[in-house]
Structures are given as C-alpha cells and as structure tokens.
Amino acid sequence: MNDNSTPLLQLDSVGINFGGLRAVDDLNLSIKKGDVVGLIGPNGAGKTTVFNLITGVYKPTDGVIRWKGEPISGLPPYRIAQRRILRTFQTIRLFSGMSVLENVLAGQHMETHQTWLSGLLSLPKQRREEKALRKSCMEILEQLDLASIAHEEATSLPYGIQRRVEMARTLAAKPELLILDEPAAGLNDSESVELNKTILGIRDQGVTVILVEHDMNVVMNVTDHICVINFGRKIAEGGPEDIRNNPQVIEAYLGSDDDDDEEAA
Amino acid sequence: MEIFFQQLANGLTVGSIYALIALGYTMVYGILKLINFAHGDLAVLGAFIGLTVITSLTGAGAAPSHWVVILAFVVAVLVVAIAGVLLELTAYRPLRHAHRLSAVVSALGASMLLENGIMLIWSPQTLTFPEGILPSTNYVIGGVVLNSTQILIVAISFLLMLALYLYVNKTRFGTAIRASAIDQDAARLMGINVNRVIVSVFILGPALGAIGGLFIGIYYRQAVFDMGWIYGLNAFIAAIIGGIGNIPGAMLGGLLLGLFNSLAGGYISSTWQEAITFALLILILLVRPTGILGERVAEKV
C-alpha cells in the first residue's frame, strides 16, 4: 500500500463486448492514491460501463483490472466492495422503506463481524459492536448534515438530499476508492457547490475518488486528472487545463454536448 | 357467545401456526421473488422428524419427558434447516438467472420429491402423535375451554415471531436481509454477500416452518405425508393476505386466516371451510391485490 510505484487502481488494456458492440476498447487507466480523477465523455461513450467493470458488475472480455497490483477483474461485486472500492449510482438506489440511518447502517455491513447466527444470538459483544457502529453512522450523518433527518424514510426525501444519503451510505463502508456516477445530476447550483466541498473533504480524508460527471463546474474544480473517452476509447488524458484546451476533446465533447447538461428542471 | 370465544381461541392457535409457516414463504419471496412450493412439505418433514425422535426415545404408553420434547424440536429444526439449504443449493441456485417459471417448476418438483420421500421413509398411513407431548390441562373460563397446549403454541409462536421481527429490523444481518430484498445489485455493491443472505433465509424460514409443522402434529395429534399441501396452501394464502414479501404481513395474515377459518367453520359450515378460505383469497386479491400490508408487489408477480 505504501509502495508509490504501484498505482492504486490500474486498468490494463481493458475491453468488453456486448454482443457485437465494443462498448469499451483497449482502455488503459492508472489511478494514484489520493487523486480525484474525472472520467468524462459524451453520452454513450462507455463511462458507466467502465464503472461497472471496475466494480465487478461486468467482467471484462479482455484486459486486466488491478487493485494495488493484484488482479480483481472477474471477482464478484461484493468481493470487490470488500476491498473498499465503493460506488454511488447515477440513478439513486437507496433502500426504500428504510430510514436514512438504516440505509447508512446497511452500507456499514462490512464493518461488522456479525454473521447470521451471532446476530440471532445477540451476544453482548455483538451488541457493543452494534452500538459503536451506530455511533459512527451518526457521525457520518452529521458530517453530511443529515443527522436531523436520520429517522425519516430515505426515499421520501428531496432528490438532492437523497444524493447525500447515498454518499453517506457509501462513506459508511469506509471506501479507499470512491466511485461517483454523476453525483451532480439533478442538483441545483448551490447544491453542486456543496457537492464540490464534500468531494474535496472526502479526498482530504485520504479517499481516492473517480467520478463521471457532465457538470463541468464540478469536473474542472475538483479533479486532479481527467480521462476523456468516446466510443469506448480513451481520446485524451491530463490535468483539467490540458483537457480544456485539447482540440480533440473540444470537438468530441465540450463543443457538442452543451445541450446535454443534466441540470435539474 | 361462548361458541364465538371458543372459535376465537381455536382460530388463534391455528392462526399462529399458519403465521409461522407463512413467514418462510414470505421471506423467500421477499428476496428471490420465488414461491417456494416445497415449504409446506419442509414443515411436514419437521413434524415427522419430531415424531420419530419422540417415539424412539419414549417407551410405549409412557408420556415423553420434557427433554425428549425439547430434543425433538431441536432435531426437527436442524434437519429441516439443512434440508432448506440443500433445496436452495440444488433446486433454486442453479436456476437463479433462468426464467422465473423454471424456478417455479423446480419448486413444484421439490415439493413432490419431499412429499414422496416422506411417504417412503415413514408411511403412507396417517401416523398418530402420542398424548402429553406438551402439557394438556383444560382451563374453563366463562364456558370457554382453553387447553394449555393451545396456550403454549400461541405463546411460543408469538415469541418466535417477535424474535424474528427484532432480528430482521434491529440487527446488522437483518438489515442486510432487507437491503438484499429491496435491491440485490446495490446490496452487492455495498459489500453484502447476497448469496449468504439467501442461504440464511433458507435456514430461518424452514426452521420456523419445522416448528410450525411439529405444532400441527402435536395439536391435531396426527401427521400424514401429504398434509404439506393443505397446510402449505393455507400458510401461502396467509402470506398473500398479509402482503407477500412483508414479514409483519405474514404474521398478521396467518392470525387473520386462522381466525377466519375457525369462525367460518364454526358458524357457516366446516365442510365448506376450504372453499370459503379460497373465496376470501379471491376477494382479497380483487380488492387489495398487494395484501393488507404489502406494497409494490403487483407488478412483480
């Protein structure tokens, strides 16, 4: 982990076919610990597919994904999540019928040593652990300004708040790599300014972040490094300034995609 | 009025047994969207195993000791839980990504396998449970006869249901069970081993079912290999009445169905009791297809 020469996450010529469609092709990407990396590209470029490959939802047709030098492609999603690679969803997927706190508790599943049996027996040790975990969940809720609504049903809350709940649920799982799929989608301007602060706050705690985002305010302000893909291929990579001035990117993405902003109505 | 209270007491007893068995249907449905048609037969397996333990450890004519009865429940629960897990591993897991109808056919096949297995191992005859497995004293209160077996069955069932409710709602693994039932993919991406959650559901449901099955044997003092069909069906109807997939719903549905059956049998006609039960099912599906406590289920059936 302390070896700086090994990237935290490395995609090595990764590709995937869906039937005849080459959704991601020969993608190389290397992510250093502590970076905030933006993954951008026009709609349908394959950004979410890349996330699904990293989190194990899809298995790559070819290439290898390495986590701290060790191949993880092909592992089931929960095993990848157990390595502290966690994600949020483009369309919010909170557990309906559960309160905000319960959603965050579910995110903390891996922190417990509880099995179905020890939970059933409710041993004192379990109860102590449970109490400590609840406390740490409340701390996360406070950090994201959600503590006052901890007991409200998560899916009945306004959209912007649900996004924060999803973020809290993911943080409860103690990510080392946090994958955010369009975290600003549906947020208004002041909410997306808040989001910038939240993301930078998460980075300052030592969490590496990858995000897919259309909101250029967010992308340009929080990322250290940007990778642009189109038709499943990487077309450019570099710091925010390089990307802003890259003619290929302007042509493929920035120039043609203004009408595509996913601002809230 | 005495008849009414008598039927109420009987209905509560049967209802709490239905509720115990209904929980197994509803938990499996909640997580896999699959009706485990073999669940009624698992409950019956529990009754037969309990009976075997009791009769083989008790001399002819003697009343079984407390320890033998407790052992019978423990062995029945363990064997049926193992059978439940084997069922999941062999009959359902290989079909996890197949069309849902395939799993339903597999469930029906598993039901027949269990039913005929029970017949071959034990007997096609109706077997009689010995007297005095649970204390059987009659208390007469205002003309209503309450038997201590009935009281014990209701009390134990309520305790078990309360324990399950607390387990699912207050513990971490229970949260994982609920999360997996709501959104399996999201649960996986939060690091929850959904397959392990499913296995745990196939332990808990059949374990409760085994207790329910053994209660049936003790209460009616008999067991026959194919009774899983009718008791399973009643418990299944109870789960639907309460809202399938919903745990408190199964408890409520079981109790309501037990009371309804008992009152309908007492006041209308006991020969028509089953027809009346199904009429109730049809009525509830027409008026409230998602059951009393159910929600967002209709599109998934």
Which one of B:291, B:5, B:94 has its Cα pushed farthest toward the positive end of the charge dipole of the protein assembly as shown, where Lys and Arg give +1 and Asp and Glu give -1 at the Cβ? B:5
Within chain B: Cβ-based charge dipole about Cα centre, in debye rounded to nearest 20 (Lys, Arg +1; Asp, Glu -1): 800 debye
Only four residue types carry charge here, +1 at the Cβ of Lys and Arg and -1 at the Cβ of Asp and Glu. Report the dipole size of segment A:97-172 about the Cα centre in Debye, rounded to the nearest 20. 260 debye
Which lysines, if any, have their Cα less than 30 Å from the Cα of residue A:135, not counting same-chain residues under 8 positions apart? A:33, A:125, A:174, A:197, B:170
Under a 10 Å cutoff between Cα atoms, tell me which one of A:17, A:221, A:245 has the largest fluctuation in the Gaussian network model of chain A. A:245
Once you order the gyration tensor axes a ≥ b ≥ c over the Cα atoms, which shape class does segment B:219-290 get: rounded for a/c under 1.5, otherwise prolate or oblate by comparing a/b with b/c? oblate
Show the residues, 5+ positions off or on another chain, whose built amide H is closer than 5 Å to the amide H of residue A:9. A:31, A:68
Net charge of neighbours whose Cβ lies under 9 Å from the Cβ of residue A:95, counting Lys and Arg as +1 and Asp and Glu as -1: +1
Among A:131/B:33; A:32/A:234; A:68/A:234, which pairs are too far apart, with a Cα-Cα distance over 28 Å? A:131/B:33
What FRET efficiency, computed as 1/(1 + (r/R0)^6) with R0 = 22 Å and r the Cβ-Cβ distance, is obtained for residue A:151 and residue B:169, rounded to the nearest 0.05? 0.95
Taking square-rooted eigenvalues a ≥ b ≥ c of the alpha carbon gyration tensor, is segment A:97-172 rounded, prolate or oblate, where a/c under 1.5 means rounded and, failing that, a/b exceeding b/c means prolate? prolate
Residues whose placed amide H lies under 5 Å from that of residue A:99, excluding near-sequence neighbours: A:154
Residue list for segment B:110-146, given a label point 7 angstrom along the Cα-to-Cβ vector of residue B:71 and an amide N cut-off under 17 Å: B:130, B:133-134
Take the Cα of residue B:2, step 7 Å along the line toward its Cβ, and report every residue of segment B:116-144 whose backbone nitrogen sits under 17 Å from that point. B:138-144
Which ³J(HN,Hα) values in Hz, rounded to whole numbers, follow from the phi angles of segment B:214-223 under the Karplus curve 6.51 cos²θ - 1.76 cosθ + 1.60, where θ = phi - 60° and Gly and Pro get x? 5, 4, 4, x, 5, 6, 8, 6, 7, 8
Once amide H atoms are placed 1.01 Å from N in the peptide plane, what residues at a sequence separation of 5 or more from residue A:229, or on another chain, have their amide H within under 5 Å of its amide H? A:40, A:41, A:235
At 222 nm, what helix-only mean residue ellipticity would the protein assembly as shown give, in deg cm²/dmol to the nearest 500, using -39500 (n - 2.57) for each DSSP H run of four or more? -17500 deg cm²/dmol
For the pair residue A:92 and residue B:285, how long in nm is the line joining their label points, each one 7 Å along Cα→Cβ? 3.6 nm
Scalar couplings 3J(HN,Hα) for segment B:248-261 by Karplus 6.51 cos²θ - 1.76 cosθ + 1.60 (θ = phi - 60°), nearest whole Hz, x for Gly and Pro, are x, x, 5, 5, 4, x, x, 5, 5, 5, x, 5, 4, 4
Taking DSSP loops as anything outside H, G, I, E and B, show the longest stretch in chain B free of trypsin sites (Lys or Arg not before Pro) there with at most 16 other beta carbons within 10 Å. B:97-220
Suppose R0 equals 56 Å; then what is the FRET efficiency for residue B:148 and residue A:59 from their Cβ-Cβ distance, rounded to the nearest 0.05? 0.40
Residue farthest toward the positive end of the dipole of segment A:133-265, with Cβ of Lys/Arg at +1 and Asp/Glu at -1: which of A:219, A:150, A:243? A:150
Efficiency of FRET from Cβ geometry, residue B:97 and residue B:273, R₀ 30 Å, rounded to 0.05: 0.15
Segment B:115-213: chymotrypsin sites (Phe, Trp or Tyr not before Pro) falling in loop per DSSP and having at most 12 other Cβ within 10 Å: none
Would you mind classifying segment A:16-99 by shape? Square roots of the alpha carbon gyration tensor eigenvalues, ordered a ≥ b ≥ c; an a/c under 1.5 is rounded, otherwise it is prolate if a/b is larger than b/c and oblate if not. rounded
Student exercise, segment A:24-145 dipole from Lys, Arg, Asp, Glu Cβ charges, in Debye to nearest 20: 380 debye
Under the Karplus relation with 6.51, -1.76 and 1.60 and θ = phi - 60°, whole-Hz ³J(HN,Hα) for segment B:49-55, x at Gly and Pro, equal 5, x, 4, 4, 4, 5, 5
When the Cα centres of segment A:44-94 and segment B:157-233 are compared, how far apart do they sit, in Å? 32 Å
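Each value in this text was obtained by applying a stated rule to the coordinates, not by laboratory testing. Keep in mind that this is a model prediction, so the values were computed, not measured. Don't worry about glycine lacking a Cβ; one is built from the backbone with ideal geometry, like all the others, and counts go over all protein chains shown.
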